[in-house]
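Here is the structure we will look at.
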Amino acid sequence: MKRDLATFALAMALAANTAAADASWTSSMFAYLAAPAVQTPVLKRLPEPDLSGPLPAIAMTDGITEEWLMARPAPEGDAEWQCLTEAIYFEARGESLEGQIAVAEVILNRVDSPLYPRSVCKVVRQRGGGGCQFSYVCDGRADRMRDKVSADRAGRVARAMLDGAPRVLTDGATHFHTRGVRPSWAKRFPKTAAIGAHLFYRHPGTEG
């Protein structure tokens, strides 16, 4: 009888402890943890790039672009600019932007070389070897730039090159000719580039 009472008392004690434990449990102990809130990033529109300012950084390493060139103010300048504009127009107006820049590079490379005159106008008007260094000077035609669109583009290229645009296309070339001719000097001068209708060469002894 005493054993039964002891067993009954133990069972009642265990039941009481279980009920107390049940009472201490809360629903939060079994709830799923809420996922952290996802914040949607706020997208802001960047301002349009200023294409009218000085040469952009990329232009100083990779050359000027059509977009930047045409966003520039209307070109103007002194006699040197006019001479370079005319040379680009008459020698390369049908060429791509790269082709026109390449012709400008040749003229400016000559200006920088002790082998040639020290100004753009003197370089493009230089005579020798029974003719002119640049064919349009001696072709007997009036040097009027009748195509206004092409003249404007040539003027923009000339302005950019005189303002310090990098010469990255012809590796220091001082000469060029069209693919349809073979001047005698082309056999002696190292070829540096082929762009559009023109092949480019560097006078021996000049740096690239």
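A few notes on this one:
- Under the Karplus curve 6.51 cos²θ - 1.76 cosθ + 1.60, θ = phi - 60°, whole-Hz ³J(HN,Hα) for the range 194-200, x wherever Gly or Pro sits: 10, 10, x, 7, 10, 10, 10
- Length added when fully stretched, Val168-Arg45, from 0.36 nm per residue minus Cα-Cα: 40.9 nm
- Amide H contacts of Ile195 (H built 1.01 Å from N, in plane; Pro and chain starts excluded): Phe200 sit under 5 Å, all sequence-distant by 5 or more or on other chains.
- On full extension, the segment bounded by Arg127 and Thr65 gains 19.0 nm, given 0.36 nm per residue less the C-alpha separation.
- Modelled label positions at Ala186 and Ser96, each set 7 Å beyond Cα in the direction of Cβ, lie 2.0 nm from each other.
- Integer Hz, Karplus 6.51/-1.76/1.60 couplings in order for the range 91-104, x for Gly and Pro: 8, 8, 5, x, 8, 5, 4, 4, x, 6, 4, 4, 5, 4
- By the equivalent-ellipsoid construction on the alpha carbon gyration tensor, the range 59-169 comes out with semi-axes of 22, 17, 12 Å, ordered largest to smallest.
- Under 5 Å from the amide H of His177 lie the amide H atoms of Leu199, each residue being 5 or more positions distant or on a separate chain, with H modelled from the backbone and absent for Pro and chain starts.
- Efficiency of FRET between Cys138 and Asp112 - r from beta-carbon atoms, R0 25 angstrom, step 0.05: 0.55
- The calculated FRET efficiency for the pair Glu207 and Met145, based on their C-beta separation and a Förster distance of 22 Å, comes to about 0.10.
A short reminder: the numbers here are calculations on the coordinates, not readings from a lab. Here the structure is a predicted model, which means the values were calculated and not measured. Glycine also receives a Cβ, built like all others from the backbone with ideal geometry; neighbour counts cover every protein chain displayed.
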